[in-house]
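No value in this document is a laboratory result; all are computed from the given coordinates. Since the structure is predicted, the reported quantities are computational estimates derived from the model, not experimental observations. Cβ placement follows ideal geometry from the backbone for every residue including glycine, while neighbour counts extend to all protein chains displayed.
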Amino acid sequence: MTSSYLELVCPAGTLASLHAAIDAGADTVYCGFQDCTNARNYPGLNFDMEEMVEGIQYAHDHGKKVLIAINTFPRAEDEKPWHTAVDKAAAAGADAVILADIGVLNYATQHHPNLRRHLSVQASASNSLSIQFYQKNFDIKRVVLPRVLSITDISTIVKDIGIETEVFAFGSVGPMSEGRCFLSSYMTGLSPTSDGACAPASQVTYKQVGNCTKSCLGNITLNQFYKNEPAAYPTPCKGRYITNGQSSYLFEEPIGLNVINILPLLKAAGVTALKIEGRQRSRAYVSQVVSTFRRALDDLAKGAKITVANDLKSIAEGGRETLGAYKKGWK
Amino acid sequence: MSKTKSNIKRPLSYLTLGPILFNWEADKRRDFYFRIADESVFDCVYLGEVVCSKREPFFENDLPGIVDRLRAAGKSVVMSTLALVTSEQEMDLIQKNVEAGLMIEANDVACLQVLAGMPHIIGPYINIFNKSSRDFVVHQNATRIVLPVEMNAQGISVVAERGKVSEIEVMVFGRQPLSVAMRCYHARSYGVNKDSCQYVCGFDPNGLAAETLDGQSILTVNGTQTMSHGYVVLIHELERLLSMGVSHFRLSPQNIDMVEVAYIYRQVLDKKLGSDEAVAKLRCLTNSIPYINGFLYAREGLAWNENHT
Amino acid sequence: MKAMPSVMLQHITEVLLKNMMHNHPKLYHNLSLLDPSVVLIKPIDVPQCFVLKIGGGGVSISVGDNEDGSFHASIKGKLSVLIDLLEGRVDGDMSFFSRDLEITGDTSVIVALRNTLDREEICLLNDAASMFGPFSSFFRQVLIRVKDIGQQIESHFIEKHNYNYVEVPNKYEAECNFLRDEVKMLNARLAKIKIHQRKRQEAVL
């Protein structure tokens, strides 16, 4: 474990992104295999076994860690791919696996007791009691906290549980309780729970309608953008809906989370690690975000104020930023 | 002598009334439950607040009376918990309900920590999608598992395998809960936020309709919960589910005559009413709300599979 | 700027693609394995468009004069943005959010293409220079110099432009923020009044 101010955990959708993240100053990277065992199962993304071994070697050579996400829920008909993924992660020398399903957690605990287990945000463990359940039964060493908790909630949980916590620091915000959101499968038949794909691109289309661009998910119209309006990910929770006769971003605006201005508060709350979201984003995104957070964390570690400018707004979803649930009144 | 059809024992089927998910006033709830006790064919009734702990204080005093009336009518009673637990008060409430000795339907894993091996029911908000998870919770003394609404037929047949868990429950009527959150979308729709919500969810006893920009009715907002627009209706599939090992069939209460809805489902399960006729009767009770069954057929949830095979 | 004739552009593009694939064999392999798709790439500041065919065992590109014809997906933007995207200097999603890129059609094709390209470190400069065989390093220097001059001209223009306008956005920004907050507060008050009204109506019924 590094003795940095806060551990910086960064996404790697490809081997090239893993290099970019490590080179930009990540302490840890997280990634997935090329199948539905992880929650970013998108075409052209993720690692085959050869790339995974190479990536882990690169990280270890630089004194950094790699976590492998196996955080979807196996289908009843065939749980084997998830068990195989855990076996592969152990064989590749991963520093930890990030899991959500009770059955997979049990498999990992029984078959690879020495493989560090982290609890994924997909387990939606939003309180001390549920985290303690996973601790007691599967000896999880770290929990990724859902994006619904305020800083006060987080510091209470940290005191109660005594294990490491990882919180989202930057990237897209999913406003629903993770791991049990069926909006995508309601509209497309494909789900983040077992297919690892929320609003997959194969179901998304954009159409020009006059001077607007319409985004559709399956046959459902999600949104309409005028020429200079910022766009959002075409997920059901970022669509525009009409309630009480008024159209609005009912669930969440097209906006990205950025906690760079409240890092000391998170540190004071006892958080161990910051998680940058975005395995589906490019090398350019990873480099820019990771290096900005790296400089900020290094400044804070020296006891100095943050000197790096927060120039991450443009890279955020919708070109706008929020503190999300960390700020009171978000509900 | 060859076995005749009448010799093969038909598995027992139970009708359950899911917890009221909407914000109904205390009087309305109490009258509703008294009628369910006196007139309905439900075998088991779920009580308690699943969506928002702010609603709880308004009806909690009526619960003991409702429990007594239901039990006197021969119905078993289960206390459902919140689906998303975050505060100390919410955790204390779970503790209180467990200590009161009621059978608990656990909708957040926090409950499992409190229950610590006592017999309990796993609710549909805890993800049990496969055999390994099922076996784990059964080992921890889960006596009934209510399957997630997203599960398809193939998944159900694997998890519901006879002899592996005492009871399996599937939701066969009502608006399907699709997600739960901390943020209150009902409040947002009325221009306020959760902390100063004025209980606007009380305006919509069947949930608040949300349409797409094209005017297509697509979702229903209910406090912090988002639901389908259509009602899931699995009348044609009751027999098939029964043969897979499903023992309990949940009707989720909507603001309609649930006594009559239960009667229709019971008649189909007892083979006294055909499926097509039953659906036709049901349509008279549900106004023009579309029916859906997509999840069961591994399709988009909002689809209605006419074929039923 | 005088537009390059299509025939010439076609020839250069084909050779450039051939060099790129030669320099990045894994990229060629990955692109050819994708589902067969046709992608229209339309730089909005150049008269021509590019039709990229990937998957089904091969990769090819052709230059067209118009956007007719059938394709699975299209991507439109300034030439500089498209090149930055190819070389991994900008994030595709960011360009999409800010509307610098427009995407239509089957998004999964674009996502697969983007992810496959992003795995490789592509430098068009190197790939272009290598077109000139033994004179590659000389032409690389020429191309770098040309690119530098182009960037200098562009930043000089931007600076000159900003000088005329730099005061104006700041002047109104504070006022806009104030008005936005006012409107938000008024909306909140109005919402509460409407709710009270409705509750009174329902109590009467």
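For the residues B:304, B:24, A:82, what sequence is obtained by ranking on other C-beta atoms within 10 Å, fewest first?
Fewest-to-most ranking of B:304, B:24, A:82: B:304, B:24, A:82.
Okay, helix-only estimate at 222 nm for the protein assembly as shown: each DSSP H run of n ≥ 4 adds -39500 (n - 2.57), divide by all residues, round to 500 deg cm²/dmol; what do you get?
Using -39500 (n - 2.57) per qualifying helix, the result is -11500 deg cm²/dmol.
Over 35 Å apart: what share of the alpha carbon pairs of chain B falls there, rounded to a whole percent?
16 percent
Work out from phi, with θ = phi - 60° and the Karplus expression 6.51 cos²θ - 1.76 cosθ + 1.60, the ³J(HN,Hα) of each residue of the stretch A:259-269, listed in order in whole Hz, and give x for Gly and Pro.
Coupling constants for the stretch A:259-269: 9, 4, 7, 10, 3, x, 5, 5, 4, 5, 6 Hz.
On the first, second and third principal axes, largest extent first, how far apart are the outermost C-alpha atoms of the stretch A:170-228 in Å?
Principal-axis extents of the stretch A:170-228 (Cα, largest first): 37, 28, 14 Å.
Please state the equivalent ellipsoid semi-axes for the stretch A:7-139: what are the square roots of 5 times the Cα gyration tensor eigenvalues, largest first, in whole Å?
Output for the stretch A:7-139: semi-axes of 23, 17, 14 Å.
For the stretch B:159-234, taking Cα atoms only, what is the radius of gyration to one decimal and the Dmax to the nearest whole Å?
16.0, 51
Using the beta-carbon distance between residue B:288 and residue B:259 and R0 = 22 Å, what value does 1/(1 + (r/R0)^6) give for FRET efficiency, to the nearest 0.05?
0.55
Taking a virtual spin label 7 Å from the Cα of residue A:110 along the C-beta vector, which residues in the stretch B:101-124 bring their backbone nitrogen under 12 Å of it?
Answer for the stretch B:101-124: none.
Based on Cα coordinates alone, diagonalise the gyration tensor for the stretch B:44-194, multiply each eigenvalue by 5, take square roots, and list the semi-axes in whole Å, largest first.
One finds semi-axes of 25, 20, 16 Å for the stretch B:44-194.
Calculate the FRET efficiency for residue B:195 and residue B:116 from the Cβ-Cβ distance with a Förster distance of 41 Å, rounded to the nearest 0.05.
In this case the efficiency is close to 0.75.
Counting other C-beta atoms within 10 Å, which of A:225, B:22 has the fewest, and how do the rest follow?
Ascending Cβ contact count within 10 Å gives the list A:225, B:22.
Considering every residue in C:193-202, what mean count of other chain Cβ atoms within 10 Å of its Cβ is obtained?
So the per-residue partner count for this stretch is 3.
When a/c reaches 1.5 or more, the comparison of a/b and b/c decides; with that in mind, is the stretch A:197-248 rounded, prolate or oblate per its Cα gyration tensor?
oblate
For A:45-54, what's the mean count of beta carbons from other chains sitting within 10 Å of each residue's beta carbon?
1
How charged is the neighbourhood of residue C:202? Take every other residue with its Cβ under 12 Å from the Cβ of residue C:202, and add Lys/Arg as +1 and Asp/Glu as -1.
+1
Once Rh for the protein assembly as shown is found with the Kirkwood sum over Cα pairs, what is the Stokes-Einstein diffusion coefficient at 37 °C and 0.692 mPa s, in µm²/s?
Translational diffusion coefficient: 113 µm²/s.
Label residue A:77 and residue A:136 with points 7 Å out from Cα along Cα→Cβ: what is the distance between them in nm?
3.6 nm
Rounded, prolate or oblate: which one fits the stretch A:134-223, using the alpha carbon gyration tensor with axes a ≥ b ≥ c (rounded when a/c is under 1.5, else prolate when a/b beats b/c, else oblate)?
Judged from the Cα gyration tensor, the stretch A:134-223 comes out prolate (a/c at least 1.5, a/b above b/c).
Does the stretch C:37-91 come out rounded, prolate or oblate by the C-alpha gyration tensor, with a ≥ b ≥ c the root eigenvalues, rounded set by a/c under 1.5 and, if not, prolate when a/b is larger than b/c and oblate if not?
Oblate is the answer for the stretch C:37-91, as a/c is 1.5 or above yet b/c matches or exceeds a/b.
Take residue A:301 and residue B:305, extend 7 Å from each Cα along the Cα→Cβ direction, and tell me the distance between the two endpoints in nm.
So the label points at residue A:301 and residue B:305 sit 5.4 nm apart.
Among the helices of chain B (complete DSSP H runs), which have Cα atoms covering no less than 20 Å along the helix axis and a Kyte-Doolittle mean of at least 1.0?
For chain B, where a helix must reach 20 Å along its axis and average at least 1.0, there are no hits.
For the stretch C:6-122, compute the orientation-averaged projected area of the C-alpha convex hull (one quarter of its surface), in nm².
Average projection, Cα convex hull of the stretch C:6-122: 6.6 nm².
Quantify how strongly other chains surround peptide B:169-182 by giving the mean number of their Cβ atoms within 10 Å of each of its Cβ atoms.
Average per residue, whole number: 4.
Assuming 0.36 nm per residue, please report the length gained on full extension of the stretch residue B:216 to residue B:275 beyond their Cα-Cα distance.
Stretched fully, the residue B:216-residue B:275 segment lengthens by 18.4 nm.
With a cut-off of 8 Å between alpha carbons and a minimum separation of six or more residues, what is the relative contact order of the stretch B:1-152 in percent?
RCO, the stretch B:1-152: 17 percent.
Only helices at least 20 Å long along their axis, Cα-based, and averaging -0.5 or more on Kyte-Doolittle count here, so list those DSSP H runs from chain A.
What comes out of the filter, once short or polar helices are dropped, is A:283-301.
With the calculation restricted to Cα positions, what are the radius of gyration and Dmax of the stretch B:180-309 in angstrom?
When restricted to Cα atoms, the stretch B:180-309 yields Rg and Dmax of 16.8, 50 Å.
Quick check on the exposure proxy: order C:123, B:44, B:284 from fewest to most C-beta atoms within 10 angstrom.
In order of increasing Cβ crowding within 10 Å: B:284, C:123, B:44.
For chain A, what percent of Cα pairs sit more than 34 Å apart?
Across chain A, Cα pairs with separations above 34 Å total 21 percent.
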